[in-house]
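Everything on this sheet refers to the single structure shown next.
The values are calculated or read from the model by the stated rules, or taken from the named source; none is laboratory data. For clarity, every value in this text was computed on a predicted model and none was experimentally measured. Virtual Cβ from ideal backbone geometry, glycine too; neighbours counted across all protein chains shown.
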Amino acid sequence: MANVVYEGFDTDKAIEIHKIVFNYTEKLRGVSPPEIIVDRGKLDSVLHHIQNDEYYPSFINKLAHIVYGINKNHAFNNGNKRASLAISVFFLEINGHDEFVYNYQQGMEEVVVWVAKSLIEKETLESIIEFLLYEDPINIEYFIAQAKCYKPHIEPEHAPIDKILLTKMVNEWLSNEMCLSDATKFAILEVIDPEKLDKDQ
């Protein structure tokens, strides 16, 4: 595994990131942000544990633990889903993975909700993160679009992370007219079901 950067990634920085994101999103909602209360012990624990390569040997393991630990341990009195996403994005950035940030952030907006509701387990979260970082862009685009407008009850073993399920979701879209743009529909059909595309033209 390449060297992982932890410099500048500490509890104070995590709290700062959460305050900025939380206050901004609350103002967008037209409400005054409440006081942020932090359990530093819980936050310290998550940020310290990821540095143990024996328990978290890969970058994906570390990134997933940041999301899962902050999300589920409730280090903050409010906004833990937003905190888990924003702090993990910062971890991506300081480790030089800027090119993955957009897809990761877009895809994880719904995934952090699934984590909070215990609809997916940590192992599945790791698979989803790996998918969002390294999968073919068209599949990522489709995953993101479906995650935002199609919300089934997702059991851990059925999370939409592989190509078989993505193809199944495409077929469901074909019959149910999911909320995708024409350009996205065309791209999906072109890659996954070109015969269907030929028939429609």
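Numbers below:
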| quantity | calculated |
| --- | --- |
| Verdict on Phe59 being closer than 18 Å to Ser127 by Cα, in contact (Cβ under 8 Å) with a residue 24 or more places away in the chain, crowded, with 18+ Cβ neighbours inside 10 Å and in contact with a His (Cβ under 9 Å, 6 or more places away or on another chain) | yes |
| Hits in the range 6-26 - residues which are modelled with pLDDT under 90 and either β-branched (Val, Ile, Thr) or touching a Pro at 6+ places or on another chain (Cβ under 8 Å) (or both) | Ile20, Val21, Phe22, Asn23, Thr25, Glu26 |
| Pick from the range 62-86, criterion touching a strand residue (DSSP E or B) at 6+ places or on another chain (Cβ under 9 Å) and crowded, with 22+ Cβ neighbours inside 10 Å, ranking: modelled with the highest pLDDT | Ile70 |
| Residue check, Glu54 assigned to a helix (DSSP H, G or I) and free of Cβ contacts under 8 Å to residues at least 24 places away in the same chain | no |
| The range 23-51, residues that are in a loop (DSSP other than H, G, I, E, B) and surrounded by 14 or more Cβ atoms within 10 Å (Cβ to Cβ) | Pro33, Ile36, Ile50 |
| Residue list for the range 1-22, filter: polar (S, T, N, Q), surrounded by fewer than 15 Cβ atoms within 10 Å (Cβ to Cβ) and assigned to a helix (DSSP H, G or I) | none |
| Among (1) over 15 Å from Ile128 (Cα atoms); (2) under 14 Å from the mean Cα position of the chain (by Cα) - the single one His65 does not satisfy | (1) |
| The one condition in (1) modelled with pLDDT of 70 or more; (2) more than 23 Å from Thr25 (Cβ to Cβ); (3) touching a Lys or Arg at 6+ places or on another chain (Cβ under 8 Å) that Asn139 fails to fulfil | (1) |
| Exclusive hit being over 19 Å from Asn61 (Cα atoms), at pLDDT 70 or above and of a type in the set (S, T, N, Q), set Gln106, Gln146 | Gln106 |
| Odd one out for Glu110, checked against (1) surrounded by 13 or more Cβ atoms within 10 Å (Cβ to Cβ); (2) under 18 Å from Lys13 (Cβ atoms) | (2) |
| Extreme residue, nearest to Asn3 (Cα to Cα), among residues of the range 73-91 that are free of Cβ contacts under 8 Å to residues at least 60 places away in the same chain and touching a Leu at 6+ places or on another chain (Cβ under 7 Å) | Ser88 |
| Where a residue in the range 9-22 is without any contact (Cβ under 8 Å) to a residue 24 or more places away in the chain and its partner, wherever it lies, is part of a loop (DSSP other than H, G, I, E, B) and surrounded by 14 or more Cβ atoms within 10 Å (Cβ to Cβ), with Cβ under 6 Å and at least six apart | Lys19/Ile36 |
